[in-house]
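Each reported figure results from applying straightforward, stated rules to the coordinates on display, with no laboratory input. This structure is a prediction, so every number in the text was calculated from the model and none was measured. FYI the Cβ positions are ideal-geometry reconstructions off the backbone, even for glycines, and counts take in every protein chain you see.
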């Protein structure tokens, strides 16, 4: 059983996250973020959901990190959010909690998907958040051009993420990719296929988390036009055989 957060601890975490994100969080939002983290930590005792073992690290590297893209997600077109390769529910669940967007978590590992669904059901969030236990390529054959925002955290290279997100996004929708240190080669590979997948780089924001050590980059691509090739390709090709610039 996950212990309830006492009032003093809740307010302390609420203040810390609000200051880090420069956005006031309510006690209700903060309590739900903590419940999710503690639920994942409890399940992690028997399932390999995360390498982060304690709550302090989890608050920094899961919760705070997930919420760093709030400005980009908040300013996106109205509509639904899809979290690609959601894992333990980061960043999808925290973003859903503080933005109120209807959210789909796509997670191909069924055990992880079941854990996410259990949390959603326990917190009665099923009208806002749902889980799809399938590969992203399979999901995008069903839900084409449905989403205003796609998020991805530590999933794959930028060019692979662009390819995976493109068929899911409506025109004007954005892919928000969370990255640590990104090489010039990875960024250039992504720029090289912009025209091919109908997406355009519109923002790179660099930041440091509240530990004053951990560096992050929020990289945003906008869906600008129809892709010039049929997407999705076969499952696994985006990661194993990345697209290259035509010609």
Counting every C-alpha pair in region 189-238, the percent lying more than 11 Å apart is 74
Given 224-235, 32-43, 68-79, the highest-first ranking by average Cβ count within 10 Å works out to 32-43, 68-79, 224-235
Scoring region 90-247 by relative contact order with C-alpha pairs under 8 Å, at least six apart, yields a percentage of 21
A chain fully extended from residue 111 to residue 10 at 0.36 nm per residue, minus the present Cα-Cα distance, gains in nm 33.4 nm
When 136, 193 are ranked with the fewest other C-beta atoms within 10 Å first, the list becomes 193, 136
Among beta bridges assigned by DSSP with both residues in the chain, the antiparallel ones amount in percent, to the nearest 5, to 45
By Cβ neighbour count within 10 Å, fewest first, 220, 197 rank 220, 197
Length-normalised contact order of region 1-139, Cα under 8 Å, at least 6 apart, in percent, tallies to 19
Computed, not fitted: 222 nm per-residue ellipticity of the chain from DSSP H runs ≥ 4 (each -39500 (n - 2.57)), nearest 500, equal to -10500 deg cm²/dmol
Computed on Cα atoms, Rg of region 101-247 relative to 2.2 N^0.38 Å comes out at 1.08
Subtracting the Cα-Cα distance of residue 228 and residue 144 from 0.36 nm times their residue separation yields 28.7 nm
Taking a ≥ b ≥ c as the square roots of the Cα gyration tensor eigenvalues, with a/c under 1.5 meaning rounded and otherwise prolate when a/b beats b/c or oblate if not, region 19-156 comes out oblate
Here, region 171-214 modelled as identical Cα point scatterers in vacuum has Debye log10 I(q)/I(0) at q = 0.18 Å⁻¹ of -0.66
For the chain, the Cα gyration tensor yields equivalent-ellipsoid semi-axes (√(5λ), largest first, whole Å) of 30, 19, 16
